[in-house]
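A.B. asks: Before I ask anything, here is the structure I am working with.
The values are calculated or read from the model by the stated rules, or taken from the named source; none is laboratory data. Treat the numbers as computed from the prediction; the structure is a model and nothing was measured. Cβ: placed from backbone, ideal geometry, glycine included. Neighbour counts: every protein chain shown.
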Amino acid sequence: MTHYIIRRFLLLVPTLFGITLLTFLLIRLSPTNAALIKGGGGEGGGKAMTAEQREQIVKFYGLDKPPLVAYGNWVGKAMRGDLGNSFADHRPVADKILERLPLTISITGSALILSYFLAIPLGVIAAIKRGQVVDRTISFVVFVLYSIPSFAAALLLILFVAGGDYLNLLPMYGINSINASEMSLFPWLWDRILHMILPVVCLTYASLASISRYARVSMLEALSQDFVRTARAKGLRERVVILRHALRNALIPLITIFALELPVLIGGAIIIESIFTLPGMGQLMFQSLDSWDEPVIMGITVLAAVVTLLSYLVADILYVIVDPRISYE
């Protein structure tokens, strides 16, 4: 197992290089850049500049260098822990990311935990009640949820329950109320929780829908295996058969989904944080794309790539924990 983990870590390096190279080339080879946007040459551009002023900006940001040369320079700095300075405000990229990372971790982490916490029981119940009203109801609700894009769900929730034309039960933007600085600890925490409910719900429901379907299919397959029939023939209670024998084997495919759902949640955070005006990594990425802030885009890409690649490694390790028959030696 140790040798396998070492090999996987070594494979992460070329994969990470490939992801960053592709992203860097897409940014550099696009028809616009930060100099054009600052000089009024792009949509939403700044104050118009002369050609000489724009050329100075191009040289200042190193945009005049060949893409591969510029990428090599960026890699050299990144390996020393220097992700560069933002084109927008000239602050270190690492500082900007660290400021916003905790909020995104709390939102995506809560969504991932809730997705599994709710999806696995729903999938198990649907599998046990296969073909019955309960199974059909769960399937119908899950397919409806899966068909609604996260941004559409966010707008609908804002309209119906967050200050729209109907109910005003939850705050619709920000991470705290305007007077949060005047609150004591517990009112402040409760205010933060209220502000996080809608974003977490929007990130949770799509993952919940897909995970519950995988859980149902995996559970049905496990229930049809010989070891389940043998356990029932021995007179074990149905609860023991399902939870101790069938469910443990049904968890293996769900671990694979864990590795796939994390990148989806990270991508969804870009839209959700922008809609709800949450100062997290998603909003920072959206703003950076809008202003073509190359260093920030690359910094966030590196972080997202590392998290995604490590999630696949964690999934492989969890395979062994869930099923001792699996070995990588």
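A.B. asks: If the requirement is being among the hydroxyl-bearing types (Ser, Thr, Tyr), modelled with pLDDT of 80 or more and not in a helix (DSSP H, G or I), which of these qualifies: Tyr173, Tyr214? Lay out the reasoning, then the answer.
C.D. replies: Working: Tyr214 fails: not in a helix (DSSP H, G or I).
Among Tyr173, Tyr214, only Tyr173 is among the hydroxyl-bearing types (Ser, Thr, Tyr), modelled with pLDDT of 80 or more and not in a helix (DSSP H, G or I).
A.B. asks: Then there's this: Residue check, Phe160 against (1) in contact with a Leu (Cβ under 8 Å, 6 or more places away or on another chain); (2) part of a helix (DSSP H, G or I); (3) surrounded by 16 or more Cβ atoms within 10 Å (Cβ to Cβ); (4) assigned by TED's automatic domain parsing to the domain that holds Val306, all met but one. Which one?
C.D. replies: (3)
A.B. asks: A follow-up question, please. Being at pLDDT below 85 and either in contact with a strand residue (DSSP E or B) (Cβ under 9 Å, 6 or more places away or on another chain) or in a helix (DSSP H, G or I) (or both) narrows it down to one of Tyr146, Tyr116, so name that one. Steps first, please.
C.D. replies: Details: Tyr116 fails: at pLDDT below 85.
Only one candidate qualifies: Tyr146.
A.B. asks: Taking Ser106 as meeting all but one of (1) surrounded by fewer than 17 Cβ atoms within 10 Å (Cβ to Cβ); (2) farther than 20 Å from Ile270 by Cα, write down the number of the exception.
C.D. replies: Among (1) surrounded by fewer than 17 Cβ atoms within 10 Å (Cβ to Cβ); (2) farther than 20 Å from Ile270 by Cα, the lone unmet condition for Ser106 is (2).
A.B. asks: Determine which single condition Ser30 fails, assuming it passes every other condition in (1) exposed (fewer than 11 other Cβ atoms within 10 Å of the Cβ); (2) more than 24 Å from Leu310 (Cβ to Cβ); (3) at pLDDT below 75; (4) not basic (Lys, Arg).
C.D. replies: (3)
A.B. asks: Here's another thing I want to ask about it. Just the residues that are more than 18 Å from Ala162 (Cα to Cα), in contact with a Leu (Cβ under 9 Å, 6 or more places away or on another chain) and not hydroxyl-bearing (Ser, Thr, Tyr), please, taken from segment 199-217.
C.D. replies: Ala206, Leu208, Ala209, Ile211, Ala215, Arg216
A.B. asks: Sticking with this structure for a sec: Might you check whether a residue that is closer than 30 Å to Leu10 by Cα, among the polar types (S, T, N, Q) and not assigned by TED's automatic domain parsing to the domain that holds Ile27 occurs anywhere in segment 283-306?
C.D. replies: Scanning segment 283-306, I find at least one residue that is closer than 30 Å to Leu10 by Cα, among the polar types (S, T, N, Q) and not assigned by TED's automatic domain parsing to the domain that holds Ile27, so the answer is yes.
A.B. asks: I've got another one for you. Can you report the number of residues in segment 178-219 which are under 17 Å from Thr256 (Cα atoms) and surrounded by fewer than 18 Cβ atoms within 10 Å (Cβ to Cβ)?
C.D. replies: Taking segment 178-219 first, the residues under 17 Å from Thr256 (Cα atoms) are 206-219.
Still in the running and surrounded by fewer than 18 Cβ atoms within 10 Å (Cβ to Cβ): 217.
Count: 1.
A.B. asks: Just wondering, is there one or more residues in segment 80-92 that are assigned by TED's automatic domain parsing to the domain that holds Tyr173, surrounded by fewer than 21 Cβ atoms within 10 Å (Cβ to Cβ) and touching a helix residue (DSSP H, G or I) at 6+ places or on another chain (Cβ under 6 Å)?
C.D. replies: no
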